[in-house]
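Here the structure is laid out as structure tokens; the discussion comes afterwards.
Values quoted throughout were computed directly from the atomic coordinates according to the rules given, and no laboratory measurement underlies them. Since this is a predicted model, take the numbers as computed values, not measurements. No Cβ is skipped: glycine too gets one built from the backbone with ideal geometry, and neighbour counts run over all protein chains shown.
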Amino acid sequence: MKAKPSAASGTSRRAALARNPRTQPKQAVKVKTQALPLPEAIVIRVASESDFPAIARLQQQCPDAAQWPLGDYSGCNTFLALLEKTPAGFCAWRQTAPDEAELLNLGVAPAFRRRGVARALLEALRNTASGALFLEVAENNHGAIALYTAAGWTPAGYRPGYYHHGTVNAVVMKKGS
Ligand SMILES: CC(C)(COP(=O)(O)OP(=O)(O)OC[C@H]1O[C@@H](n2cnc3c(N)ncnc32)[C@H](O)[C@@H]1OP(=O)(O)O)[C@@H](O)C(=O)NCCC(=O)NCCS
């Protein structure tokens with residue numbers, strides 16, 4: 001995901017975003033799920049600060065997701081997925097330009113995997129964000145790459161040594177134009 005685990009502190013990430021001249025201030029978003037063929041039991045909604053403890057628990061269960069300080073979720077858009085009314089997954093994203101958005105973090109609790117939760121979160125992102133979507137994923141995260149590929153994302157770049165103190169490369173993936 002977006003931040004290097006070694007640089008996952010809010011300070012580093014915020015500094016990186018602040019350096020990006022195209023980074024836009026956070027704007028209120030309304031999740032658009034009306035076009036989603038969601039299984040009945042999955043609900044995707046915009047997360048609020050009262051959801052942060054649930055997001056913290058989900059994040060802890062997903063070591064392959066970026067481990068952010070909870071306050072960092074205030075600086076971006078976050079969707080929470082409920083499966084059978086239980087927090088099951090989340091994603092964080094940011095509209096970086098009018099025609100470009102970036103998926104910053106994504107995780108689904110192990111107990112709820114392979115039931116379409118991440119697919120539903122990505123659909124909500126696609127239906128809510130504007131323009132082309134981008135993300136970074138560790139090249140050895142084969143499950144996540146399979147998910148993104150199945151959801152229509154394609155490789156768009158490569159960042160050598162992006163994760164784990166320079167030892168793991170990142171693939172940049174893109175969806176849409
Ligand atoms: C990757 C992750 C988000 C997938 O979540 P999920 O809710 O299980 O994914 P879905 O059920 O929506 O999967 C949709 C499709 O993606 C593909 N897919 C998802 N996980 C996969 C895996 N581990 N291996 C192979 N294909 C996978 C499949 O095509 C799947 O459809 P299918 O189950 O009908 O075969 C989850 O495994 C996770 O949280 N991993 C740890 C955190 C992480 O890696 N985050 C991404 C960082 S970039």
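Overview of results
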item: Square roots of 5 times each gyration tensor eigenvalue, C-alpha, the stretch 46-177, largest first, Å; result: 21, 17, 15
item: Reachable aspartates and glutamates from Lys175, criterion Cα separation under 13 angstrom, eight or more residues apart if same chain; result: Asp99, Glu100, Glu102, Glu123, Glu136
item: Calculated from backbone phi, Karplus (6.51, -1.76, 1.60) coupling profile of the stretch 168-176 in Hz, x at Gly/Pro; result: 10, 7, 10, 9, 8, 10, 9, 9, x
item: The stretch 59-112 shape via C-alpha gyration tensor axes, a/c threshold 1.5; result: prolate
item: Peptides ranked, highest mean first, by Cβ atoms within 10 Å: ranges 146-154, 64-72, 105-113; result: 105-113, 64-72, 146-154
item: Total formal charge among the other residues, if their Cβ is under 9 angstrom from that of Phe134, Lys/Arg +1 and Asp/Glu -1; result: -1
item: Estimated vicinal HN-Hα couplings, Hz - the stretch 76-91 in sequence order (Karplus 6.51, -1.76, 1.60; Gly, Pro = x); result: 8, 8, 10, 9, 10, 9, 10, 10, 6, 6, 10, x, 10, x, 8, 9
